[in-house]
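Trainee: I am attaching a structure below and will ask some questions about it afterwards.
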Amino acid sequence: MSLAALGIDVGSTATKLVGVTPEGEIAWQKLVPTAPRIEAQAEALLGEARAAAGGGAPPVVATGYGRKLVPGAGRVLTEITCHARGVYRRTGRAGTLVDIGGQDSKVILIGPGGQVQHFVMNDKCAAGTGRFLEVTAGRLQLQVADMGATALAGAGEVPISSTCTVFAESEIVSLLARGAPVEHVVRGLHRALTQRVTSLVRSLGPRPPYFLSGGVAHNRAVAAFLAEALGAPVETVGEPQLMGAYGAALAGLDA
Ligand code: ADP
């Protein structure tokens with residue numbers, strides 16, 4: 001296999017690697033939970049990627065929260081730059097990218113040539129991130145991957161008033177004890193998460209079309225509720241969780 005460049009996105013929750021062809025198509029990919037020993041994990045994963053590349057030494061570009069700990073990375077770029085690049089390559093359009101990861105969420109304005117015009121980030125509060133759904137799924141004994149479908153299955157909705165993940169968890173316990181159906185609670189949780197992300201989008205000013213990336217983009221209820229709140233369609237990009245690593249790999253092709 002001919003991999004012309006490798007991108008590695010060491011996220012707070014998941015580490016993603018992408019290998020691209022000289023034309024910039026994804027030819028190899030890997031996604032694993034981020035280990036506590038980032039350097040050792042990144043080194044092993046890059047070894048796997050190089051083996052898949054046929055033993056060559058393609059350039060490596062690192063991004064993500066642990067990007068500075070990747071041994072042998074020729075360049076280090078922010079997630080903002082890399083997500084925007086990956087998504088622009090996929091969509092070819094300017095607009096607003098919403099990236100919801102495991103422990104932060106970002107809104108990025110992508111200009112007509114794919115450049116980052118502006119961005120805002122929430123990395124202070126877990127309530128607008130994947131962590132919110134992970135913690136609450138645990139409390140409800142649901143799989144994170146099933147949360148979206150559960151929310152969409154609920155006809156009713158129980159509002160969640162807590163603005164903090166830890167308090168939301170206690171609120172769930174008391175709602176269930178009062179007989180609230182699980183589906184209604186899950187729907188309320190998704191509403192709470194998307195309201196927070198919507199405020200972040202609004203802080204930059206509405207600039208459709210809207211694109212969604214990051215691991216939480218796999219959750220269909222998040223995309224649906226965001227579209228409802230923004231009053232415009234929200235497009236989940238293909239392979240949304242890989243967009244940071246993809247953008248990094250594309251940057252590796254720049255000679
Ligand atoms: P980071 O870069 O911060 O590690 P990611 O963009 O990799 O974050 O996204 C991780 C988040 O995506 C986690 O909170 C995880 O629960 C969520 N996630 C991953 N796959 C799914 C899925 N199939 N359905 C819902 N959420 C998912």
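Trainee: For a quick check: with amide H placed at 1.01 Å from N, whose amide H comes under 5 Å from Asn219's, ignoring anything fewer than 5 positions away on the same chain?
Mentor: Excluding prolines and chain starts, which carry no amide H, there are no hits.
Trainee: Here's a follow-up. Tell me the net charge near Pro33. Cut-off is 14 Å between Cβ atoms, Pro33 excluded, with +1 for each Lys or Arg and -1 for each Asp or Glu.
Mentor: Counting the neighbours of Pro33, the net charge comes to +2.
Trainee: Which residues' amide hydrogens lie under 5 Å from the amide hydrogen of Asp104, considering only partners 5 or more residues apart or on another chain, with H built in the peptide plane?
Mentor: For Asp104, the qualifying residues are Gly130.
Trainee: Ranked from highest to lowest mean number of other Cβ atoms within 10 Å per residue, what is the order of the peptides 39-52, 205-218? Numbers along the way, then the final one.
Mentor: Values: 39-52: 16.1, 205-218: 20.6.
Put in order of decreasing packing, that is 205-218, 39-52.
Trainee: Calculated from DSSP H runs of 4 or more alone, at -39500 (n - 2.57) each and per residue, what is the 222 nm mean residue ellipticity of the chain, nearest 500?
Mentor: Roughly -13000 deg cm²/dmol at 222 nm, from the helical runs in the chain.
Trainee: Full-extension gain between Arg207 and Leu142, please, as 0.36 nm times their residue separation minus the C-alpha to C-alpha distance.
Mentor: Residue separation times 0.36 nm, minus the Cα-Cα distance, leaves 19.9 nm.
Trainee: Another one. Run the dipole for the chain about the Cα centre, Lys and Arg Cβ at +1, Asp and Glu Cβ at -1, nothing else charged, and hand back the magnitude in debye, nearest 20.
Mentor: About 360 debye.
Trainee: Give me the distance in nm between label points sitting 7 Å out from Cα along the Cα-to-Cβ direction at Gln115 and Thr78, one decimal.
Mentor: About 1.5 nm, to one decimal.
Trainee: Further, regarding this structure: Taking the highest mean first, how do the peptides 240-247, 177-184, 106-113 order by number of other beta carbon atoms within 10 angstrom per residue?
Mentor: Packing order, densest peptide first, comes out as 240-247, 106-113, 177-184.
Trainee: While we're here: With r as the distance between the Cβ atoms of Ala232 and Ala40 and R0 = 51 Å, compute the FRET efficiency 1/(1 + (r/R0)^6) and round to 0.05.
Mentor: Efficiency for this residue pair is about 0.70.
Trainee: Find out how many positive minus negative residues lie around Thr91, taking Lys and Arg as positive, Asp and Glu as negative, among other residues whose Cβ is under 12 Å from that of Thr91.
Mentor: Every neighbour counted, the sum reads +3.
Trainee: Also, I was wondering about something else. Out of residues 5 or more away from Leu212 or on other chains, whose amide H comes under 5 Å of its own, with H placed 1.01 Å from N in the peptide plane?
Mentor: Amide H neighbours of Leu212: Val98, Glu235, Thr236, Val237.
Trainee: Report the local net charge at Gly111: Lys and Arg +1, Asp and Glu -1, summed over other residues whose C-beta lies under 13 Å from its C-beta. Display every interim value, and only then the final one.
Mentor: Working: positive: Arg85, Arg93, Arg207; negative: none.
Within the 13 Å Cβ shell, the charges total +3.
Trainee: Let me have the relative contact order for the chain, percent, based on Cα pairs under 8 Å that are six or more residues apart.
Mentor: 24
Trainee: Of all DSSP beta bridges in the chain, what percent run antiparallel (nearest 5)?
Mentor: Antiparallel bridges make up about 65 percent of those DSSP assigns within the chain.
Trainee: Continuing with this model, one more query. Note the angle between two axes, namely the Cα long axis of helix 144-153 and the longest principal axis of the Cα atoms of the chain, as a number of degrees from 0 to 90, rounded to the nearest 10.
Mentor: Result, in degrees: 40.
Trainee: Using the Karplus equation 6.51 cos²θ - 1.76 cosθ + 1.60 (θ = phi - 60°), what ³J(HN,Hα) coupling, rounded to whole Hz, does each residue of region 183-192 give in order, writing x for Gly and Pro?
Mentor: Whole-Hz 3J(HN,Hα) from phi for region 183-192: 4, 5, 5, 5, 4, x, 5, 5, 4, 4.
Trainee: Pairs of alpha-carbon atoms within less than 8 angstrom and 6+ residues apart define the contacts here; what relative contact order does region 126-209 have, in percent?
Mentor: Relative contact order of region 126-209: 38 percent.
Values quoted throughout were computed directly from the atomic coordinates according to the rules given, and no laboratory measurement underlies them. All values reported here derive from a predicted model rather than from experimental measurement. Because the Cβ atoms are built from the backbone with ideal geometry, glycine has one as well, and the counts that use them run over all protein chains shown.
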